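A.B. asks: Quick one: structure below, then a few questions.
The values are calculated or read from the model by the stated rules, or taken from the named source; none is laboratory data. Owing to the predicted nature of the structure, the values given are computational and were not obtained by experimental measurement. Cβ: placed from backbone, ideal geometry, glycine included. Neighbour counts: every protein chain shown.
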Amino acid sequence: MGACLRIDNLSVWFEPSPGQRQYAVRNVSLAADHGETLCIVGESGSGKTMTAGAMMRLLPHNATVEVGRLDIGGQELMGLSERELCAVRGVRMGMVFQNPTAALNPAFTIGNQLEETWRSHRGGSRREARERAIDSLNKVGISAPEQRLAQYPHQLSGGLCQRVGIALALICEPEIIIADEPTTALDVTTQAQILRLLADLQQKSGLALILITHDLRIVSRMADRVAVLYAGQIVETGDRKAIFSNSAHPYTRALLDSIPASSNGRHLETIAGTAPVLSYDDPACAFRARCKFAQEACASQPVELQEVADRHLARCLFPFVANAARGPRGE
Ligand SMILES: Nc1ncnc2c1ncn2[C@@H]1O[C@H](COP(=O)(O)OP(=O)(O)OP(=O)(O)O)[C@@H](O)[C@H]1O
Ligand code: SF4
Ligand SMILES: [Mg+2]
């Protein structure tokens, strides 16, 4: 299947004072195919939400974005007017947010929000919009959808609100769903149900799912491909097997080592130290201050993403290589 979403060289930065750039995302390139789940994983502050926001062209007003290419199914999004972008958002891309109640408007019924979303993008009669709303609630496994249409968000549980959030993202039948930590605010049982629902919907409709999470256990269950973000940069990317069985970057290995042994809902342990704020004039490895394997060269030499196996890239001067002792490649 062809590429559904493609981003080349995305950077997002803030200027806390004139002339001083702080990068939230730096030179990120990603692609997702139809029917594929791409998981973006990283610690808090690594740039996951800014990356998702840039895909939707929804970023804080003080953010500056620079991107070589951003397209959906061949349609270039950079350069579109706000009105043209509105037509793309919701129709070709749907977004599922972390906090399901905050994503819904408390002043309107569920039916109102679903029907208005449909009519604002697709037009048509109220009756058709209502049918679409019911169909969308059915798709996300909500029973008695006709009755739910009359309810307000505060009358629903967190899990049901998230199902409605997914129904809202799906109603116009987008090609891509971007889900930013869609289960973080939910209890463990509801988390599992929502993840199963997203996987089912993706398989049935063949859409591309961009799933953003800090939790590698979710990645191991859901991902076809994985991008590991650190300090706004991709430090490793590959298919699920490459990341979980042959990870090449010390940061990915540290993340894997910090997965709690029991699945009792705890978050990932943090790795000692904190991520640096990225400025452009430091091309050396951003992970060096926390890396157990750092060598002198790591502080002085530029480090780029390099291929360590087919479609498996790592940003490390001394990556782990499958079936080889640790050390500079080839040594
Ligand atoms: N409006 C803003 N102004 C200045 N800096 C910001 C703003 N929004 C985000 N940032 C910075 O951008 C960086 C990336 O933030 P982002 O929200 O993408 O992280 P994240 O990976 O989604 O984290 P989390 O897991 O906590 O949601 C952070 O360092 C953050 O402080
Ligand atoms: S480049 Fe050096 S410091 Fe950075 S991850 Fe690789 S070994 Fe560690
Ligand atoms: Mg975030």
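A.B. asks: Can you pull out the residues in region 50-105 that are in a helix (DSSP H, G or I), of a type outside the set (D, E, K, R) and away from ligand 3 (no atom under 16 Å from the Cβ)?
C.D. replies: Scanning region 50-105 gives 85, 86, 87, 88, 101.
A.B. asks: Now, a different point. Checking residue 35 against (1) surrounded by 15 or more Cβ atoms within 10 Å (Cβ to Cβ); (2) within 9 Å of ligand 1 (Cβ to nearest atom), which single condition isn't satisfied?
C.D. replies: Evaluating residue 35 over (1) surrounded by 15 or more Cβ atoms within 10 Å (Cβ to Cβ); (2) within 9 Å of ligand 1 (Cβ to nearest atom) leaves (2) as the failure.
A.B. asks: Out of the residues in region 200-224 meeting the condition of being of a type in the set (D, E, K, R) and over 18 Å from residue 49 (Cα atoms), tell me which one is nearest to ligand 1 (Cβ to nearest atom).
C.D. replies: Residue satisfying both the conditions and the ranking: 217.
A.B. asks: Looking for something in contact (Cβ under 8 Å) with a residue 60 or more places away in the chain, within 16 Å of ligand 2 (Cβ to nearest atom), buried (at least 21 other Cβ atoms within 10 Å of the Cβ) and not aromatic (Phe, Trp, Tyr) - is there at least one such residue anywhere in region 12-24?
C.D. replies: no
A.B. asks: Hey, another quick one. Restricting to region 189-238, what's the tally of residues that are in a strand (DSSP E or B) and within 22 Å of residue 141 (Cβ to Cβ)?
C.D. replies: Residues that pass the stated criteria total 5.
A.B. asks: Give the residues of region 118-151 that are at pLDDT 95 or above, part of a loop (DSSP other than H, G, I, E, B) and surrounded by 16 or more Cβ atoms within 10 Å (Cβ to Cβ), sorted by residue number.
C.D. replies: Residue satisfying the conditions is 149 alone.
A.B. asks: Which residue pairs have Cβ atoms closer than 6 Å, lie 6 or more positions apart in sequence or on different chains, and pair a first residue in region 90-118 that is closer than 17 Å to residue 195 by Cβ and in contact (Cβ under 8 Å) with a residue 24 or more places away in the chain with a second residue that is more than 16 Å from ligand 3 (Cβ to nearest atom) and outside any helix (DSSP H, G or I)?
C.D. replies: If the second residue must be more than 16 Å from ligand 3 (Cβ to nearest atom) and outside any helix (DSSP H, G or I), the pairs left are 94/174; 94/177.
A.B. asks: Kindly establish whether residue 278 is closer than 30 Å to residue 191 by Cβ and either surrounded by 13 or more Cβ atoms within 10 Å (Cβ to Cβ) or modelled with pLDDT under 65 (or both).
C.D. replies: Answer is no for this residue.
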